[in-house]
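The values are calculated or read from the model by the stated rules, or taken from the named source; none is laboratory data. A quick note: this is a predicted structure, and the numbers were derived from the prediction, not measured. FYI the Cβ positions are ideal-geometry reconstructions off the backbone, even for glycines, and counts take in every protein chain you see.
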Amino acid sequence: MQRISIRVKKIDYIIYKEIKKGASGEDVARKIEKSRVSVWKRIKKMREFVEIEAKKGYGYRIIHEKDPNPYAIAEAAFDFLGTEEVFYFRSTDSTNERAKKFSKPNILFFAEKQTEGRGRWGRRWESDLGGLYFSFTLKPHFEELQKITIVSGLAVAEAIMDLGLRAELKWPNDVLIDGKKVCGILCELSGTYEEPIVIVGVGINVRNKFENATSLCDYKVCSLNLVFKKFCESFQRISNLSWREIILRYKNFCKTSGKFVRVLTPHGVVEGFAEIDDDGALLVNGRKILAGDCLHLR
Ligand code: BTN
């Protein structure tokens, strides 16, 4: 029977990694310090997404994986995002909402589709099957909202470049290919005053189609598992850089500099030529804008 949601814990991640290497049931049991029966029970659940062959004397072998596969998603998140637990949904309202309700750092919420996907500035985010929809939570230390906004956009742009495609950024973190939006990111501050968390919600069009936007599949066939892994690798790589290096790379990708823009800010509309400053803020007519919805007019 198909499960509606899957919780992937560290133990499942270790089992999946071992099976990928081709370990026997005994090896896996030893590794996780549990009985062979408990390994077998977890592998049985894994089989909903991963076709596993078990040969006497040889051990387990992966023959085929679904796309997306919660175990491959969890592997990338555990390896590169510092995630400690994964909640994987066949369908949910919004992964950002899930993250808000759970309100703990280092958790990944991933959905095959969303019924109430949220975009920036109260917009709706179309979330049919075929796209990537996920939110991960972090403790906000160096990652102030402004910085994490820049880092996450850059991470997607570099991940797309790692896939062999050319991406651009529109301030602050819309990712475009050939001038059309391929990814949107919604970063939110949540949690309590004592324990705040940052939620990074990412939506990437992979093989879902839109009229005014674009999808990776318009350029290259790629699996959701692979695109997600590329994002995680890129996010980790960028998080380890100095802010100076991050902003340098960001400016290289960001096409907003030098454009005549109209920005809808919480304090009104601003129009003029734009520049990006060293904090990742937008400068228009000498005014520093930290948050807003930016339109490139020319
Ligand atoms: C934008 O407006 O550009 C931001 C879109 C962010 C969409 C993602 S999909 C995963 C996460 N859950 C949501 O409801 N929104 C974000």
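Return the residues of segment 234-272 that are loosely packed, with under 13 Cβ neighbours inside 10 Å and part of a loop (DSSP other than H, G, I, E, B); say none if nothing qualifies.
Across segment 234-272, the qualifying residues are N240, S242, G258, P266, H267.
When the residues of segment 95-110 are filtered to those that are of a type in the set (S, T, N, Q) and within 16 Å of the ligand (Cβ to nearest atom), which remaining residue is modelled with the lowest pLDDT?
So the residue we want is S103.
Name the pairs whose Cβ atoms lie under 7 Å apart, with the first residue in segment 196-221 and farther than 15 Å from K180 by Cα, the second more than 16 Å from the ligand (Cβ to nearest atom) and among the small types (G, A, S), and 6 or more positions between them or separate chains?
Correct list of pairs: I197/G191; K220/G164.
Tell me yes or no: at least one residue of segment 186-199 is crowded, with 16+ Cβ neighbours inside 10 Å, over 22 Å from H296 (Cα atoms) and touching a Cys at 6+ places or on another chain (Cβ under 9 Å).
Within segment 186-199, one or more residues are crowded, with 16+ Cβ neighbours inside 10 Å, over 22 Å from H296 (Cα atoms) and touching a Cys at 6+ places or on another chain (Cβ under 9 Å).
Quick check on my filter: what residues within segment 212-255 are β-branched (V, I, T) and under 19 Å from the mean Cα position of the chain (by Cα)?
T214, V221, V227, I238, I246
State all residues of segment 150-165 that are under 10 Å from F253 (Cβ atoms), among the small types (G, A, S) and either more than 11 Å from the ligand (Cβ to nearest atom) or in a loop (DSSP other than H, G, I, E, B) (or both); if no residue qualifies, say none.
The one that is under 10 Å from F253 (Cβ atoms), among the small types (G, A, S) and either more than 11 Å from the ligand (Cβ to nearest atom) or in a loop (DSSP other than H, G, I, E, B) (or both): A157.
Failed condition for D93, given (1) acidic (D, E); (2) within 15 Å of the chain's Cα centre (by Cα); (3) within 12 Å of F109 (Cα to Cα), with all others met?
Going through (1) acidic (D, E); (2) within 15 Å of the chain's Cα centre (by Cα); (3) within 12 Å of F109 (Cα to Cα) one by one, D93 breaks only (2).
L241 versus (1) without any contact (Cβ under 8 Å) to a residue 12 or more places away in the chain; (2) at positive phi: which is the lone unmet condition?
(2)
State all residues of segment 111-128 that are crowded, with 23+ Cβ neighbours inside 10 Å and either hydroxyl-bearing (S, T, Y) or more than 9 Å from the ligand (Cβ to nearest atom) (or both); if no residue qualifies, say none.
The one that is crowded, with 23+ Cβ neighbours inside 10 Å and either hydroxyl-bearing (S, T, Y) or more than 9 Å from the ligand (Cβ to nearest atom) (or both): S127.
Answer yes or no as to whether F231 is surrounded by 13 or more Cβ atoms within 10 Å (Cβ to Cβ), touching a strand residue (DSSP E or B) at 6+ places or on another chain (Cβ under 9 Å) and closer than 29 Å to G131 by Cα.
yes
Among the residues of segment 124-144, is there at least one that is among the β-branched types (V, I, T) and more than 22 Å from K230 (Cα to Cα)? Before you say what the answer is, go through the steps one by one.
Step one: list which residues in segment 124-144 are among the β-branched types (V, I, T), which gives 137.
Still in the running and more than 22 Å from K230 (Cα to Cα): none.
No, that holds for no residue.
Working only within segment 6-26, note down all residues that are farther than 14 Å from Y71 by Cβ and in contact with a strand residue (DSSP E or B) (Cβ under 8 Å, 6 or more places away or on another chain).
G22, A23, S24, G25
Report the residue count in segment 108-126 for those that are farther than 19 Å from N69 by Cβ, assigned to a strand (DSSP E or B) and either in contact with a helix residue (DSSP H, G or I) (Cβ under 7 Å, 6 or more places away or on another chain) or small (G, A, S) (or both). Before you say what the answer is, go through the steps one by one.
Of all residues in segment 108-126, those farther than 19 Å from N69 by Cβ come to 115-126.
Restricting the remaining residues to those that are assigned to a strand (DSSP E or B) gives 118, 124.
Imposing the further condition that a residue be either in contact with a helix residue (DSSP H, G or I) (Cβ under 7 Å, 6 or more places away or on another chain) or small (G, A, S) (or both) reduces the set to 118.
Number satisfying all stated conditions: 1.
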